[in-house]
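Shown next, in C-alpha cells, is the structure this report addresses.
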Amino acid sequence: MDGHGGAARIGFRNDYSEGAHPRLLQALAQASAEQNAGYGLDRHSARAHELIRRACAQPQAEVHLLAGGTQTNLAAIAAFLRPHQAVIAADSGHVAVHETGAIEATGHKVLVAPATDGKLTPALIQPLLDEHGDEHMVQPRLVYVSDATELGTVYRRAELQALSRFCRERGLLLYLDGARLGAALTAAGNDLTLADVAALTDAFYIGGTKNGALLGEALVIVDPALQADFRYLTKQRGAMLAKGMVLGVQFAALFEDGLWFELAAHANRMAARLSEGLAAAGARFTVDSPTNQQFVAVTPVQLDALARRYDFERWKARADGTVVIRFVTSWATTAAMVDALCADFAVLPAR
C-alpha cells in the first residue's frame, strides 16, 4: 500500500460526508430564487409532507421536517413523554451511546437492554418492565429501536410485528429511528415496507442526512394522540428552521420519483461488493450486516496500513488485541473506490 504515493484519500468513514445528491442541489438552487413562506409552511414542504404520507399509506399522519437525527429524537421523545417517564433502548442504541445525553438532558432516563445484534425483542424488554414497577422508579413508556441498527442489522417484519404487539399490549409507545431506514428497506432479505413501518409504530423518522440530503430528517407521527402541539415543541427546542424550505425542497425531490430508495439501494450494492471483496481477501467480519455498514476486525499493524489511504471509523478494541473498524458506503461510493480498498486489503501484512 505504500506505493500509492500522493494518491487522494478514499472515504468510508460515514454516509454523510458528501454534501448532497446533484438533483437535490439543483432543486435547492431553483427554489432559492423564489420567495418562500418561512418555518416549514412553504409549498415545497407541503408537497414533501403529502408525498411522504402517501408513501407511508398514512393520510392522517403528521410530518415534521427537522435538521438532524439527534434533534429529531430529542424533540420527539420530549414531546411524547411525561416528566417521570423513560425510554427503553438497546445498549448500542443511538440515544444511549452517541447523543451526549441529549435525552437525559430533557429529563428522561434511557434504560438499556443488552442486544448483541443491536435489535430489541419483547424478551429483552420485559425484565426492565419487571424491574421498574412502582412510583419510586422511572416509568418505562417508550421503546426506541433503529432500523437499520447501529450495527447494520435490520428488523424483519415478524420481529417488528412482535415488538409492536408487545408494546400495544403493555401500553408502551414504539418509536423507530430511521437515520438509515433507506438502507434497511432496500437491504437484501428485507421484507418490511415503509407502509409496514408506519403501521407498526407510533412514530418514526425517515433519514435524509445519511441518504443523499444536505441535511434533514422527516418525522412521521402516526398516532393522533401524539400530534398535538408538536410545532410548539420544535420551536421551543430550537428545531424550527426559518428557512424550512431547505428541508422541504430536498424531501420533495427525494420522494417525487423514488430517489430516496434509489440512493439507499446503491449504497447497499456498494456495501455488498465491498463485503464480497473483503471476504475473498480474508477479512474477519464481526457483524452479519446486509446494509451499508460493514464491520471488520484487523490487527493494529493492518489498521495503521489501511489508515494511510482510507478514512474509516475505529469502532472498538477487542480483548484479543484486534480492533474492529467500520466501513460505510453511501450514495456517492463508486465501484472503483470499493475495488481499491479490496485490493489493498488483500495485501495487508498478516500481523
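Checked against the criteria, A336 counts as closer than 26 Å to T209 by Cβ and small (G, A, S). Checked against the criterion of being touching a helix residue (DSSP H, G or I) at 6+ places or on another chain (Cβ under 7 Å) and either small (G, A, S) or assigned to a loop (DSSP other than H, G, I, E, B) (or both), the candidates Q58, Q35 yield just one match: Q58.
Does the range 185-207 include one or more residues that are small (G, A, S), without any contact (Cβ under 8 Å) to a residue 24 or more places away in the chain and over 22 Å from G248 (Cβ atoms)? No - not one qualifying residue is present in the range 185-207. Could you please let me know if R53 is within 30 Å of Q35 (Cα to Cα) and among the basic types (K, R)? Taking the combined requirement at face value, the residue satisfies it. Going by the structure shown, is F204 closer than 19 Å to F80 by Cα, touching a Pro at 6+ places or on another chain (Cβ under 8 Å) and at pLDDT 95 or above? The answer is no for F204.
Would you check if there is a residue in the range 106-126 being under 19 Å from the mean Cα position of the chain (by Cα) and under 20 Å from T209 (Cα atoms)? No, that holds for no residue.
Being touching a Lys or Arg at 6+ places or on another chain (Cβ under 9 Å), touching a residue at least 40 places away in the same chain (Cβ under 8 Å), surrounded by fewer than 20 Cβ atoms within 10 Å (Cβ to Cβ) and not polar (S, T, N, Q) narrows it down to one of D344, D288, so name that one.
On inspection, the qualifying residue turns out to be D344.
Just one residue in the set A158, A162, A123 is touching a Ser or Thr at 6+ places or on another chain (Cβ under 9 Å) and modelled with pLDDT of 95 or more; that residue is A162.
Which residue is nearest to the chain's Cα centre (by Cα), if the candidates are limited to the range 315-336 and must be within 17 Å of E276 (Cβ to Cβ) and of a type outside the set (A, V, I, L, M)?
It comes out as T329.
Determine whether the range 243-254 contains at least one residue that is more than 27 Å from L214 (Cβ to Cβ), buried (at least 17 other Cβ atoms within 10 Å of the Cβ) and over 20 Å from the mean Cα position of the chain (by Cα). No, because not a single residue in the range 243-254 is more than 27 Å from L214 (Cβ to Cβ), buried (at least 17 other Cβ atoms within 10 Å of the Cβ) and over 20 Å from the mean Cα position of the chain (by Cα).
This table checks each residue for (1) touching a Leu at 6+ places or on another chain (Cβ under 9 Å); (2) on the phi > 0 side of the Ramachandran plot; (3) of a type in the set (V, I, T); (4) free of Cβ contacts under 8 Å to residues at least 60 places away in the same chain.
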position	(1), (2), (3), (4)
T100	no, yes, yes, yes
E104	no, no, no, yes
G107	yes, yes, no, yes
L111	yes, no, no, yes
P114	yes, no, no, yes
L128	yes, no, no, yes
S146	yes, no, no, yes
L160	yes, no, no, yes
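Scanning the range 39-77 for residues that are over 23 Å from L192 (Cβ atoms), buried (at least 20 other Cβ atoms within 10 Å of the Cβ) and over 17 Å from the mean Cα position of the chain (by Cα) yields G40, D42, H44, S45.
Among P127, P140, which is farther than 30 Å from A264 by Cα, surrounded by 19 or more Cβ atoms within 10 Å (Cβ to Cβ), of a type outside the set (D, E, K, R) and touching a strand residue (DSSP E or B) at 6+ places or on another chain (Cβ under 9 Å)? Being farther than 30 Å from A264 by Cα, surrounded by 19 or more Cβ atoms within 10 Å (Cβ to Cβ), of a type outside the set (D, E, K, R) and touching a strand residue (DSSP E or B) at 6+ places or on another chain (Cβ under 9 Å) holds for just one of P127, P140, which is P140. When A252 is tested against the conditions (1) of a type in the set (A, V, I, L, M, F, W, C); (2) more than 30 Å from R43 (Cβ to Cβ); (3) touching a Lys or Arg at 6+ places or on another chain (Cβ under 6 Å), the lone failure is (2).
The values are calculated or read from the model by the stated rules, or taken from the named source; none is laboratory data. Everything numeric here is computed off the predicted structure, so don't read it as measured data. FYI the Cβ positions are ideal-geometry reconstructions off the backbone, even for glycines, and counts take in every protein chain you see.
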